[in-house]
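The values are calculated or read from the model by the stated rules, or taken from the named source; none is laboratory data. Bear in mind the structure is a predicted one, so any value in this text is a computation, not a measurement. Cβ atoms come from the backbone with ideal geometry, glycine included; neighbour counts cover every protein chain shown. Keep in mind that these areas ignore ligands, DNA and RNA; they rest on the heavy atoms of the full protein, side chains included. Shrake-Rupley method; radii C 1.70, N 1.55, O 1.52, S 1.80 Å.
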Amino acid sequence: MPLNDHLVRIITAAGTIRALACTTTNLVAEGAERHHAGPVASAALGRALTGGALMGALLKSGQRVALKFEGNGPLRKVIVEAESTGVVRGFVAVPDVDLPLRDGKLDVATGIGRAGFLTVTKDLGLKEPYKGIVQLYSSEIAEDLAFYLTDSEQTPSAVGLSVFVDGDGAVTAAGGFLIQAMPPGDPALVDTLMARIAELPPLSELFLAGTTPETLLERLFQDIPYTLLEKRELAFSCSCSREKIERVLISFGKEELGKLAAEQEATEVTCEFCRQRYTFERQEVRELLATLDQEVTPC
């Protein structure tokens with residue numbers, strides 16, 4: 001029986017390198033299935049979900065991060081939200097895009113588009129969220145995240161992400177790693193790790209062969225002392241609810257709600273992140289409208 005999706009985080013004994021690795025096969029497969037994603041969209045969404053899980057693990061309790069990859073390609077955009085708890089969710093704007101293979105691989109870069117931006121928004125519990133924007137570096141997602149972390153957050157980083165989609169369009173392996181250099185730095189150690197990363201077989205091959213986050217980090221840090229900081233489970237899960245959708249409908253205002261109540265027997269709202277459908281019968285929309293009528297402005 002396969003292990004649950006999970007992530008491990010380590011730091012070297014000298015404190016100059018921190019690293020995270022994860023397997024995300026189940027959550028990526030669930031995300032792709034919920035969105036009826038084709039192979040290219042599954043790969044793009046899966047890489048973004050995996051990257052989101054890694055980024056979320058860098059946050060403190062109660063914080064969350066959103067990643068938006070938006071380019072001029074047919075996928076249009078991929079958006080992922082991740083929480084510090086290991087919960088991630090996401091969607092791809094056009095999930096049924098079909099593109100020919102490029103060098104024998106799914107062409108995620110063309111799907112997203114070479115021209116565009118990566119926007120990273122962090123809810124750190126402050127008055128305003130932190131937002132960073134960089135141009136897409138390669139549109140392969142992993143390199144874009146590494147570029148963002150190195151350029152915008154001034155933390156030299158290496159990111160590897162992989163999603164394997166079989167001939168039937170099913171996600172059968174997914175995972176990745178994130179390695180960061182911490183002050184004061186150790187250039188020789190960084191060079192050693194970069195050389196080992198370059199020598200790795202394709203990540204998809206490793207994960208298909210049963211490599212775990214633990215064994216991946218053991219391979220990279222084989223003779224480098226490190227401490228295991230944590231291990232956490234990961235899951236695709238959405239925060240939507242009927243109550244939240246009700247608040248969205250109420251935010252439309254009296255005029256728009258009135259039109260829905262007058263023109264439609266039922267109003268259906270679908271969450272763009274998880275594709276959960278919420279149906280409101282005409283009487284329920286009228287009841288929401290009544291809550292607006294009951295609002296009284298103080299004199």
Task: Filter result for Thr150 (in contact with a Phe, Trp or Tyr (Cβ under 9 Å, 6 or more places away or on another chain) and either more than 16 Å from Lys68 (Cβ to Cβ) or open to solvent by less than 40 Å² (accessible area, probe 1.4 Å) (or both)) - done: no
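Pick out, from the stretch 207-299, the helices (runs of 4 or more DSSP H) lying fully within it that include 2 or more residues that are under 28 Å from Lys68 (Cα atoms) and open to solvent by 80 Å² or more (accessible area, probe 1.4 Å). Lay out the reasoning, then the answer.
Details: elements: 213-220, 242-251, 254-263, 282-293.
Answer list for the stretch 207-299: 242-251.
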TODO: Output the residues belonging to the stretch 98-120 that are within 16 Å of Phe69 (Cα to Cα) and either modelled with pLDDT under 95 or surrounded by fewer than 16 Cβ atoms within 10 Å (Cβ to Cβ) (or both).
DONE: Arg114, Ala115, Phe117
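Sort through Phe236, Phe280, Phe221 and tell me the only one that's touching a residue at least 40 places away in the same chain (Cβ under 8 Å) and either farther than 25 Å from Val88 by Cβ or in contact with a Ser or Thr (Cβ under 6 Å, 6 or more places away or on another chain) (or both).
Phe221
When only residues in the stretch 121-146 that are touching a residue at least 24 places away in the same chain (Cβ under 8 Å), among the hydrophobic types (A, V, I, L, M, F, W, C) and closer than 18 Å to Glu70 by Cα count, which is surrounded by the most Cβ atoms within 10 Å (Cβ to Cβ)? Reasoning before the result, please.
First, pick out the residues of the stretch 121-146 that are touching a residue at least 24 places away in the same chain (Cβ under 8 Å): 121-125, 136, 138-142, 144-145.
Those still in the list that are among the hydrophobic types (A, V, I, L, M, F, W, C) too: 124, 136, 141-142, 145.
Applying the additional criterion that residues be closer than 18 Å to Glu70 by Cα yields 136, 141-142, 145.
Details: Leu136: 24, Ile141: 31, Ala142: 24, Leu145: 29.
My answer is Ile141.
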TODO: Pairs only if they're at least six apart or on different chains, beta carbon under 8 angstrom, first in the stretch 259-273 and over 30 Å from Gly31 (Cα atoms), second in a helix (DSSP H, G or I) and among the β-branched types (Val, Ile, Thr); list them, first residue then second.
DONE: Leu260/Val285; Ala261/Val285; Gln264/Val285
Open item on the list: Considering only residues that are open to solvent by 20 Å² or more (accessible area, probe 1.4 Å), out of contact with any Pro (no Cβ under 9 Å at 6 or more places or on another chain) and part of a helix (DSSP H, G or I), which ones fall in the stretch 156-202?
Closed with: Pro187, Ala188, Leu189, Asp191, Thr192, Met194, Ala195, Arg196, Ile197, Ala198, Glu199
